[in-house]
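The structure appears below as structure tokens.
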Amino acid sequence: MNANRFGSSPSKRLSALLKPEAVEAWRIPLPGALPIRMDPAGAREAVLLLHGFMGYPGELEPLANGLAGAGYAVSVPRLPGHGTCRRDFLLTGAEDWARRAYDAYLELRAEYEIVHVGGHSMGGLLASSIAVSFGLPRLILLAPVFELSIRYIWLTPLIAPFKAVIAGKRMPSAFDSANPVRNALYAEYWADVMVGQAAELMRLRRLCRNNVRYCRSRILVIAGENDSSVPVGVIDYLRRAAPLAASFDSRVIAGAPHVFPFDEHAAETVSLVLEWMASP
């Protein structure tokens with residue numbers, strides 16, 4: 001079966017998942033794409049961090065290290081289909097990503113009385129709904145995709161039933177080439193247009209945009225000045241969309257693109273988050 005056609009429906013994805021395949025059809029996650037768990041001695045509070053669409057846990061390692069250094073336990077799960085290969089990715093959908101995120105919260109909450117949540121990009125959507133569902137104290141949103149600047153992404157739900165993947169043959173940037181994990185995964189995730197999965201993202205986004213109105217957490221939103229995926233205007237959108245928030249703070253990182261949590265702006269991102277987490 002063509003791996004580019006797996007994402008057509010939940011029943012077909014399940015059938016493809018359970019179909020006996022040679023081991024070569026699967027790919028073991030790279031070490032840098034594995035889940036992250038840190039439990040510093042004496043930690044009394046924990047933070048769940050969720051990576052973004054087509055991302056992997058290692059993208060949030062700088063922030064995880066910073067939070068652990070400040071005494072928080074940290075969990076960064078790997079969302080289904082991420083950090084492995086295209087075949088695996090196309091066998092997943094919004095329900096899979098959301099279910100793993102919610103399970104990760106429940107597992108962390110079983111160990112720690114107080115749990116905060118944060119996410120980058122799509123992970124911000126998931127984090128916001130978890131914060132609403134469980135009434136969490138603090139919500140950290142890094143370039144959350146409540147608003148999008150990507151052209152034609154609105155059309156993906158219409159195109160996806162007919163074309164799950166559109167060949168793009170995009171070449172890795174210097175940033176991608178210099179990162180061993182991103183370079184290894186580039187052809188699997190970013191070289192072509194994942195129409196079917198983008199449609200799943202839009203479905204998830206619609207539901208999370210509806211949920212955020214009920215958020216009563218303290219919220220921090222960080223945006224990148226030069227983010228070509230999520231506009232800085234996402235801050236104003238969320239300020240209006242979450243009127244019940246206990247507090248609302250925002251920061252804009254000068255010159256930062258969408259990947260600011262794990263590029264040269266990572267240290268600034270960590271500093272901003274830790275400063276906010278320490279605020280009364």
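Bear in mind these aren't lab numbers, they're just calculated from the coordinates by the rules spelled out. Keep in mind that what you see is a predicted model, and the values were worked out from it rather than measured. Backbone-built Cβ (ideal geometry, glycine too); neighbour counts: all protein chains shown.
So the values come out like this:
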{"item": "Distant-in-sequence amide H partners of Ser229 (H built 1.01 Å from N, under 5 Å)", "result": "His258"}
{"item": "From phi via Karplus (6.51, -1.76, 1.60), per-residue ³J(HN,Hα) for segment 27-43 in Hz, x at Gly/Pro", "result": "9, 6, x, 5, x, x, 9, 6, x, 10, 9, 9, 10, x, 4, x, 4"}
{"item": "Ascending count of other beta-carbon atoms within 10 Å, so fewest first, for Lys19, Lys163", "result": "Lys19, Lys163"}
{"item": "Charge tally in the Cβ shell below 11 Å around Ser121, where Lys, Arg are +1 and Asp, Glu are -1, Ser121 excluded", "result": "-1"}
{"item": "Dipole of segment 3-278, positive direction: furthest Cα of Pro180, Val212, Leu141, with charges on the beta-carbon", "result": "Val212"}
{"item": "Sequence-separation-based contact order of the chain, relative, with Cα cut under 8 Å and 6+ spacing, percent", "result": "19 percent"}
{"item": "Structure-based [θ]222 nm, the chain - -39500 (n - 2.57) summed over DSSP H runs of at least 4, per residue, nearest 500", "result": "-11500 deg cm²/dmol"}
{"item": "Given charges at Cβ of Lys, Arg, Asp, Glu: the chain dipole, positive-most of Leu60, Gly124, Met38", "result": "Gly124"}
{"item": "Cα gyration tensor category, rounded, prolate or oblate, for segment 113-271 with a/c compared to 1.5", "result": "oblate"}
{"item": "Net charge, Ser11 excluded, C-beta distance under 13 Å - Lys, Arg +1, Asp, Glu -1", "result": "+2"}
{"item": "Karplus-derived 3J(HN,Hα), 6.51/-1.76/1.60, for each residue of segment 100-106, Hz, glycine and proline x", "result": "5, 5, 5, 4, 4, 5, 4"}
{"item": "Contact order normalised by residue count of segment 137-257, Cα under 8 Å, 6+ apart, percent", "result": "36 percent"}
{"item": "Estimated vicinal HN-Hα couplings, Hz - segment 252-260 in sequence order (Karplus 6.51, -1.76, 1.60; Gly, Pro = x)", "result": "10, 8, 4, x, 8, x, 5, 8, 4"}
